[in-house]
Protein chains: 2
Amino acid sequence: MKKYIYPKKETWSYLCQRPYIDNNKVSDVVEKIFNSVKQNGDSTLLNLAKTLDGANIENLKVSNFEITNARDLVSDKLKRAIKIAKSNIQKYHSSQLVKEPKVETSVGITCWRKNVAIEKVGLYIPGGTAPLFSTILMLGIPATLAGCDKIILCTPPQSDGTIHPAILYTADVLGINEIYKVGGAQAIAAMSHGTETIPKVDKIFGPGNQYVTEAKSKAQSLGVAIDMPAGPSELLVIADGTSIPSYIAADLLSQAEHGADSQVTIVSHNEFIIDQVLNEIKKQIQLLPRKNETQQSIANSRAILFKNERECLEYSNAYAPEHLIIASANADDLINKVVNAGSVFLGNYSCESAGDYASGTNHTLPTNGYAKAYSGVSVDSFVKKITFQKISKEGLENIGPTIETMAAAEGLQAHRMAVSLRLKSLRNE
Amino acid sequence: MKKYIYPKKETWSYLCQRPYIDNNKVSDVVEKIFNSVKQNGDSTLLNLAKTLDGANIENLKVSNFEITNARDLVSDKLKRAIKIAKSNIQKYHSSQLVKEPKVETSVGITCWRKNVAIEKVGLYIPGGTAPLFSTILMLGIPATLAGCDKIILCTPPQSDGTIHPAILYTADVLGINEIYKVGGAQAIAAMSHGTETIPKVDKIFGPGNQYVTEAKSKAQSLGVAIDMPAGPSELLVIADGTSIPSYIAADLLSQAEHGADSQVTIVSHNEFIIDQVLNEIKKQIQLLPRKNETQQSIANSRAILFKNERECLEYSNAYAPEHLIIASANADDLINKVVNAGSVFLGNYSCESAGDYASGTNHTLPTNGYAKAYSGVSVDSFVKKITFQKISKEGLENIGPTIETMAAAEGLQAHRMAVSLRLKSLRNE
């Protein structure tokens, strides 16, 4: 971890940089996969399952038997945990379904909007070393709360052609039973173009490696919406003299273990705390099974001493972290100064892994500085907000002349005429 | 206008196609402009103002004098109209600022989210044949309601180097005074990269031609957010026996006059009404100053007879129109069947141009089928929703074991440790 002491403002933009990722080769591969999936559909998917996942698959779709069977393969302890997490996430996300009032903007003119669920959504859950069933909760719960008509899930098969039971079980708990054994860019291509088996969707959600990220950007260029642009995970911690160094070290390591390109940052106006955190990291990292990746990510990471808390906050806003822990005594007062962040954790006991799993907030969040303009996934991500307006005869008489004047000034005579014609016939009534 | 009678479902996807636009050449030009703006900043912008807009400009930034002067150049009638429109738009958009509750998801765990304005936003207003000052209202009002810190506006200069007074006046009314004389792809490039004069922004809004659209997509790939992907304007009208043909014809023409690539559609289960509308179009089009573009766009357009109202709605949802007019007797009952649309106008007096200017709803809406997954611009478009969570000692004791179990099952030991460490020290307290 590199330590910086009172860095000058001119260096901040350098200090806000994320590890560079070269995406050039990835783009060609993804382009080819999209073309092949478009032309050959399922047969490309089956071939790629063989060559990329090492899995011989007959049916892309997971059978009901496999789903039912998964119930027996997941421990009761994990089942209980998943259900508690589900309950918290559901409770919090339900609060996002706020109804807005109808507004009479002038006499006879009423405007309002309505949340309408996106009809078809596709959730992508990566495979790899661990089954990320928690992400199914984070995407599936808002999707079901929104009321999406069709929710499909794609995830790569293990080399024996099966899907990890924790993934199947979690999907089952949410009532998601259209699950396909397809991973990587080919999963995103399938949901973008549609194949014989896999339906085309309106919006694609979920994390993934560089190929998946590039594929989602390709999907977007084809007119399929995506949750948000993605990048490696990140955490910034603001600490003061009351922070507990071992806790902060553990939090930084928990984010660093995601992968070698993750980035974690500790900022404080208290150098003693920073040094203690750095020491704790050295100790705790020895105990981690993912020590290698974690060490690489820690090498990309920064400890920065600032003059005061205000500067810590200012830097944090410039960096716009995905996760922000404010482990300071006056965390509650600092809330109003947070301008750019994905999700914020307050105090010594709000560890970031709580938000990853079970506190109730969503863990699909903007990375790579996108928190300056993007929000994390929520029920909003699964709906369109359609506006409605109803104008009475009286309403049109009220507002008609305004529209005529503006349309004429913009040189749009047909716009004007649509009003004039109506006003004229009302006058003749 | 092509007329289709009881088209089979298999033909619907063909009948939902938009006019094809070839974007290949545009992409190269835009790429070059971005590179040039990145390297040479203001000097590229000044050069392009000369070659593309035919304008010799000394200062890219509009002076206070020019803004004050515009007040004298706009007629009182237009000023009044702009102020009435502003009041309605403001009244409706204010209703979108709904506060969500704090939620205690389990004892000791509180989650909530907060709307925080995007700091720097850039509004693009096209030039061309007419000054689109109404779009300033549609973008500037939600931006100011959201509380964006920096709102800049780019718009191309007229050949005499000035900006149309209606544009300056409208911006002034909203308190937007950072206005730059730069248009087209170079405006988007300037707001994406920043130049000596023009600041880099976090999100770019606004309509434009193919170059602007391509530039916004390029901006997005550089990490700058955009309002939504864009395409030519469109309107679909659902009519029944109670609809008034001359009104519908006027509405279809008002959307068709936007440009040769606009598309309008009339669907009904009443053939008599369709034929009357087609006749009315032939008559009314003769009166329009933009007769040529309008005629081309009408040629791209469709009149479709369906068996019943249910089918009309079903097709409309498949097409996902930007604007939908339901000019039927039971418009109110059909609201709940609208799944995909940008903005909906109910009854015979809710003409589409009302929403374009002054009813209160936004006119920046998803086109090209994007209404399946995107919403129109609203106050939401100018904020991030940041989640917060505060977990007490008791809260962590409650939820800690759940997190430990899930993290271990996902193979993320450092995630687990961040909790275990805290639980251990709580037990020793």
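The values are calculated or read from the model by the stated rules, or taken from the named source; none is laboratory data. These figures come from a predicted structure and were not determined experimentally. Because the Cβ atoms are built from the backbone with ideal geometry, glycine has one as well, and the counts that use them run over all protein chains shown. The area values use the complete protein model at the heavy-atom level, side chains included, leaving out ligands, DNA and RNA. Shrake-Rupley method; radii C 1.70, N 1.55, O 1.52, S 1.80 Å.
Can you confirm whether A:Thr242 is β-branched (Val, Ile, Thr) and in contact with a strand residue (DSSP E or B) (Cβ under 6 Å, 6 or more places away or on another chain)? Step through it out loud before you land on a result.
Details: β-branched (Val, Ile, Thr): yes; in contact with a strand residue (DSSP E or B) (Cβ under 6 Å, 6 or more places away or on another chain): no.
No; evaluated as a whole, the condition is false for this residue.
Please enumerate the residues belonging to the stretch B:396-418 that are more than 7 Å from every other protein chain (Cβ to nearest Cβ) and open to solvent by less than 10 Å² (accessible area, probe 1.4 Å). Reasoning before the result, please.
Residues of the stretch B:396-418 more than 7 Å from every other protein chain (Cβ to nearest Cβ): B:397-398, B:400-401, B:404, B:408, B:416.
Within the stretch B:396-418, B:Gly400 is the sole residue that qualifies.
Going by what's in this entry, would A:Tyr315 be described as aromatic (Phe, Trp, Tyr) and more than 7 Å from chain B (Cβ to nearest Cβ)?
Judged against the criteria, A:Tyr315 is a match.
How many residues are open to solvent by 10 Å² or more (accessible area, probe 1.4 Å) and more than 7 Å from chain B (Cβ to nearest Cβ) when one looks only at the stretch A:419-429? Before you say what the answer is, go through the steps one by one.
Applying the first criterion (open to solvent by 10 Å² or more (accessible area, probe 1.4 Å)) to the stretch A:419-429 yields A:420-421, A:424-429.
Still in the running and more than 7 Å from chain B (Cβ to nearest Cβ): A:420, A:424-429.
Residues flagged as open to solvent by 10 Å² or more (accessible area, probe 1.4 Å) and more than 7 Å from chain B (Cβ to nearest Cβ) within the stretch A:419-429 amount to 7.
With the requirement that a residue be farther than 15 Å from B:Asn348 by Cβ and either surrounded by 20 or more Cβ atoms within 10 Å (Cβ to Cβ) or touching a helix residue (DSSP H, G or I) at 6+ places or on another chain (Cβ under 6 Å) (or both), what does the stretch A:381-395 give you?
As a first pass, look at the stretch A:381-395 and keep what is farther than 15 Å from B:Asn348 by Cβ: A:381-388.
Across the stretch A:381-395, the qualifying residues are A:Ser381, A:Phe382, A:Val383, A:Lys384, A:Ile386, A:Thr387, A:Phe388.
Within the stretch B:286-299, can you find the residues that are within 28 Å of the chain's Cα centre (by Cα) and either among the aliphatic types (A, V, I, L, M) or closer than 13 Å to A:Leu412 by Cα (or both)?
Our first condition is that a residue be within 28 Å of the chain's Cα centre (by Cα); within the stretch B:286-299, this holds for B:288-299.
B:Leu288, B:Pro289, B:Arg290, B:Lys291, B:Glu293, B:Thr294, B:Ile298, B:Ala299, listed by residue number.
Here is a yes/no grid of residues against (1) farther than 22 Å from B:Lys372 by Cα; (2) away from chain B (no Cβ under 14 Å); (3) modelled with pLDDT of 95 or more:
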{"site": "A:Pro126", "(1), (2), (3)": "yes, no, no"}
{"site": "A:Leu137", "(1), (2), (3)": "yes, no, yes"}
{"site": "A:Ala143", "(1), (2), (3)": "no, no, yes"}
{"site": "A:Lys150", "(1), (2), (3)": "no, no, yes"}
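So B:His269 passes all but one of these: (1) away from chain A (no Cβ under 11 Å); (2) more than 15 Å from B:Lys3 (Cα to Cα); (3) of a type outside the set (A, V, I, L, M). Which condition number does it fail?
If we test B:His269 against (1) away from chain A (no Cβ under 11 Å); (2) more than 15 Å from B:Lys3 (Cα to Cα); (3) of a type outside the set (A, V, I, L, M), just (2) comes out false.
Could you check how many residues of the stretch A:95-134 are surrounded by fewer than 22 Cβ atoms within 10 Å (Cβ to Cβ) and either closer than 30 Å to B:Ala354 by Cβ or acidic (Asp, Glu) (or both)?
Residues that pass the stated criteria total 18.
Those residues that are in a helix (DSSP H, G or I) and facing chain B (nearest Cβ under 7 Å), I need them from the stretch A:381-394; list them, please.
Step one: filter the stretch A:381-394 for residues in a helix (DSSP H, G or I), giving A:381-382, A:393-394.
Answer for the stretch A:381-394, where residues must be in a helix (DSSP H, G or I) and facing chain B (nearest Cβ under 7 Å): just A:Lys393.
Out of all the residues in the stretch B:35-78, which are assigned to a helix (DSSP H, G or I), under 28 Å from B:Lys218 (Cα atoms) and open to solvent by 70 Å² or more (accessible area, probe 1.4 Å)?
Going residue by residue through the stretch B:35-78, those that are assigned to a helix (DSSP H, G or I) are B:35-40, B:42-53, B:64-73, B:76-78.
With the extra rule that they be under 28 Å from B:Lys218 (Cα atoms), the set shrinks to B:35-40, B:42-53.
B:Asn35, B:Lys38, B:Gln39, B:Asn40, B:Asn47, B:Lys50, B:Thr51, B:Leu52, listed by residue number.
Return only the number of the condition from (1) at the interface with another protein chain (Cβ under 8 Å from one of its Cβ atoms); (2) open to solvent by 30 Å² or more (accessible area, probe 1.4 Å) that A:Asn362 does not satisfy.
Among (1) at the interface with another protein chain (Cβ under 8 Å from one of its Cβ atoms); (2) open to solvent by 30 Å² or more (accessible area, probe 1.4 Å), the lone unmet condition for A:Asn362 is (2).
Residue check, A:Glu322 against (1) within 13 Å of chain B (Cβ to nearest Cβ); (2) open to solvent by 40 Å² or more (accessible area, probe 1.4 Å), all met but one. Which one?
With respect to (1) within 13 Å of chain B (Cβ to nearest Cβ); (2) open to solvent by 40 Å² or more (accessible area, probe 1.4 Å), A:Glu322 is out only on (2).
Looking at (1) surrounded by 19 or more Cβ atoms within 10 Å (Cβ to Cβ); (2) away from chain A (no Cβ under 14 Å), find the lone condition where B:Ala299 falls short.
All conditions are met except number (1).
Among the residues of the stretch B:319-378, which ones are free of Cβ contacts under 8 Å to residues at least 12 places away in the same chain, in contact with a Phe, Trp or Tyr (Cβ under 8 Å, 6 or more places away or on another chain) and more than 30 Å from B:Thr170 (Cβ to Cβ)?
Across the stretch B:319-378, the qualifying residue is only B:Ile335.
Output the residues belonging to the stretch A:249-258 that are in a helix (DSSP H, G or I) and within 15 Å of A:Glu322 (Cβ to Cβ).
Narrowing the stretch A:249-258 to residues in a helix (DSSP H, G or I): A:249-256.
Within the stretch A:249-258, A:Asp251, A:Leu252, A:Ser254, A:Gln255, A:Ala256 meet the criteria.
Any residue at all in the stretch A:349-357 that is touching a helix residue (DSSP H, G or I) at 6+ places or on another chain (Cβ under 7 Å), facing chain B (nearest Cβ under 8 Å) and part of a loop (DSSP other than H, G, I, E, B)?
Keep residues of the stretch A:349-357 that are touching a helix residue (DSSP H, G or I) at 6+ places or on another chain (Cβ under 7 Å), which gives A:349, A:351-354, A:356-357.
Then drop every residue that is not facing chain B (nearest Cβ under 8 Å), which leaves A:349, A:351-354, A:356-357.
If we keep only those that are part of a loop (DSSP other than H, G, I, E, B) as well, we get A:349, A:351.
Yes - at least one qualifying residue is present in the stretch A:349-357.
Looking at (1) in contact (Cβ under 8 Å) with a residue 60 or more places away in the chain; (2) under 20 Å from A:Thr155 (Cα atoms), can you tell me which one A:Phe65 breaks?
In the conditions (1) in contact (Cβ under 8 Å) with a residue 60 or more places away in the chain; (2) under 20 Å from A:Thr155 (Cα atoms), A:Phe65 misses (1) alone.
Return yes or no: is A:Asp160 touching a residue at least 24 places away in the same chain (Cβ under 8 Å), more than 11 Å from chain B (Cβ to nearest Cβ) and more than 26 Å from the chain's Cα centre (by Cα)? Steps first, please.
Working: touching a residue at least 24 places away in the same chain (Cβ under 8 Å): yes; more than 11 Å from chain B (Cβ to nearest Cβ): yes; more than 26 Å from the chain's Cα centre (by Cα): yes.
The answer is yes for A:Asp160.
Answer yes or no: is there a residue in the stretch A:263-274 that is over 30 Å from A:Ala329 (Cβ atoms) and part of a loop (DSSP other than H, G, I, E, B).
no
Name every residue in the stretch B:79-120 that is more than 7 Å from chain A (Cβ to nearest Cβ), in contact (Cβ under 8 Å) with a residue 60 or more places away in the chain and assigned to a strand (DSSP E or B), in order of residue number.
B:Thr110, B:Trp112, B:Arg113, B:Lys114, B:Asn115, B:Ala117, B:Lys120
Please state which one of A:Val339, A:Val344, A:Val277, A:Val267 is of a type in the set (Val, Ile, Thr) and surrounded by fewer than 21 Cβ atoms within 10 Å (Cβ to Cβ). First the steps, then the outcome.
Working: A:Val344 fails: surrounded by fewer than 21 Cβ atoms within 10 Å (Cβ to Cβ); A:Val277 fails: surrounded by fewer than 21 Cβ atoms within 10 Å (Cβ to Cβ); A:Val267 fails: surrounded by fewer than 21 Cβ atoms within 10 Å (Cβ to Cβ).
On inspection, the qualifying residue turns out to be A:Val339.
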